Amino acid sequence: MKKFFKILLVVLLVFMVGFAGYYILKSNNKSPITFTTEKAFKSEIEEKAVATGKVVPKDEVAIKPQISGIIDEIYVKEGQQIKAGDLIAKIKVVPDVSSLTAAKNNISSNKTALKTAEINLKTQQGVYNRQKTLFEKGVISANDFENIENTYQQTKQSLEQSKINLTQSRQNYDIIKTGTTAGLGSIAQTQIRATVSGTILEIPVKEGDQVIQSNNFNDGTSIATIADLNKMIFEGKVDEAEVGKLKIDMPLKVSLGAIQDKEFDAKLKFVAPKGNEEQGAVQFKIEGEVALDDNYFVRAGYSANAAIVLQKKQDILVIREALLQFDKETQAPYVEVKIGDQEFERRDIEIGISDGINVEVLSGLTDSDEIKVWNKTEPLKIKSTSN
């Protein structure tokens with residue numbers, strides 16, 4: 001009998017040890033994190049491309065002089081509204097000595113030519129008068145008289161041309177010396193006037209600065225920049241991965257860094273045919289016409305972001321993009337679906353467009369499936385110690 005109790009005691013002891021080991025093993029295998037779940041839901045998604053850039057005037061005109069010299073006076077200020085033809089500045093000419101000397105010599109040459117033409121005309125007029133008398137008396141033929149008359153008329157024309165040349169040489173001398181001359185009136189080259197109406201954006205020169213004329217070999221010095229601030233465009237750049245989805249007249253939403261809580265409507269009007277590599281990525285320039293709001297004053301050069309809606313879907317099944325996991329080998333998307341208390345199984349799904357927060361679910365899930373929030377972490381519990 002005692003032997004029986006000993007055997008029973010041993011069996012009970014073995015059972016208790018086994019049960020304790022099983023319990024400890026089970027406790028060690030249990031996850032320290034309690035995972036929560038979420039469900040798919042119906043919503044709308046807009047797939048957007050964001051372009052960074054700035055807003056600039058649609059038409060910006062640089063005013064440049066037609067003669068070199070020194071800024072004598074400036075009559076306008078930056079930010080001032082002006083009209084085409086308004087006086088902007090006046091230039092004082094500093095004549096080039098060699099050009100002035102050449103122009104002066106040209107006047108002397110034309111004076112000499114004029115005197116010679118006057119002498120020739122006087123001589124030819126005497127010949128013409130004598131030959132005319134002889135012709136009237138029938139001494140010379142009509143053919144000979146016509147030749148004499150023709151020479152006389154040519155001499156008169158030469159005199160007139162000499163007068164014109166002398167006048168032009170004097171005007172040229174005045175222009176080289178002073179920048180203007182009698183007869184030019186309102187088109188004096190020393191007066192710099194606005195060619196378009198708008199706002200003065202910039203005056204990069206000041207009184208006393210030397211300026212260079214605009215010609216075929218030199219762009220010239222900009223005296224002022226004028227633009228119509230009522231017509232603005234967005235200039236920005238998009239990545240090559242998105243440029244293929246863009247189409248002319250696509251709507252844009254433009255946000256300005258200087259104007260908070262306000263979006264301006266715009267339309268895409270230009271996509272560059274050629275991209276430029278910037279920091280290892282190819283960027284394409286785009287432009288969009290911005291519809292301004294009279295309640296806001298938009299200055300040229302404001303930094304801006306433009307959101308371009310590439311796709312928009314409504315009433316579709318979506319999940320938070322954070323719930324997605326990707327196969328390490330195939331990169332195929334999947335989620336973990338609840339099948340029991342803290343038990344989950346892998347479910348491969350097909351996804352569509354995304355807005356960076358939510359992603360469309362094309363297949364593999366229903367709105368009743370409970371999806372594991374796999375990236376949840378528990379806060380660390382740190383024991384406080386007191387001295």
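The values are calculated or read from the model by the stated rules, or taken from the named source; none is laboratory data. Computed from a predicted model, the values in this text were never measured in an experiment. No Cβ is skipped: glycine too gets one built from the backbone with ideal geometry, and neighbour counts run over all protein chains shown.
Here are some notes:
- Output for the range 340-380, where each listed residue is of a type in the set (Val, Ile, Thr), modelled with pLDDT of 90 or more and assigned to a strand (DSSP E or B): Ile351, Val359, Val361, Ile371
- Residues that are surrounded by fewer than 16 Cβ atoms within 10 Å (Cβ to Cβ) and closer than 30 Å to Gln283 by Cβ, drawn from the range 36-53: Glu44, Glu46, Val50, Thr52
- Filtering Ala227, Ala194, Ala241 for residues that are over 21 Å from Val55 (Cα atoms), buried (at least 19 other Cβ atoms within 10 Å of the Cβ) and not basic (Lys, Arg) leaves a single hit, Ala194.
- Unique residue being touching a residue at least 24 places away in the same chain (Cβ under 8 Å), touching a helix residue (DSSP H, G or I) at 6+ places or on another chain (Cβ under 9 Å) and not small (Gly, Ala, Ser) when the list is Glu38, Glu44, Glu78: Glu38
- Within the range 359-373, residues that are on the phi > 0 side of the Ramachandran plot have Cβ atoms under 7 Å from residues that are surrounded by fewer than 20 Cβ atoms within 10 Å (Cβ to Cβ) and assigned to a strand (DSSP E or B) in these pairs: Gly364/Arg347; Gly364/Asp348; Gly364/Glu350, counting only partners at least 6 apart in sequence or on another chain.
- Any hit, the range 256-271, residues being in a loop (DSSP other than H, G, I, E, B) and either touching a residue at least 24 places away in the same chain (Cβ under 8 Å) or of a type outside the set (A, V, I, L, M) (or both): yes
- Selection count where residues are more than 12 Å from the chain's Cα centre (by Cα) and assigned to a loop (DSSP other than H, G, I, E, B), scope the range 274-312: 13
- Filtered residues of the range 119-139 (kept if out of contact with any helix residue (DSSP H, G or I) (no Cβ under 6 Å at 6 or more places or on another chain) and part of a helix (DSSP H, G or I)): Ile119, Lys122, Thr123, Gln125, Gly126, Val127, Asn129, Arg130, Lys132, Thr133, Leu134, Glu136
- All conditions in (1) over 25 Å from Gln157 (Cα atoms); (2) free of Cβ contacts under 8 Å to residues at least 24 places away in the same chain; (3) outside any loop (DSSP other than H, G, I, E, B) hold for Thr52, with the sole exception of (2).
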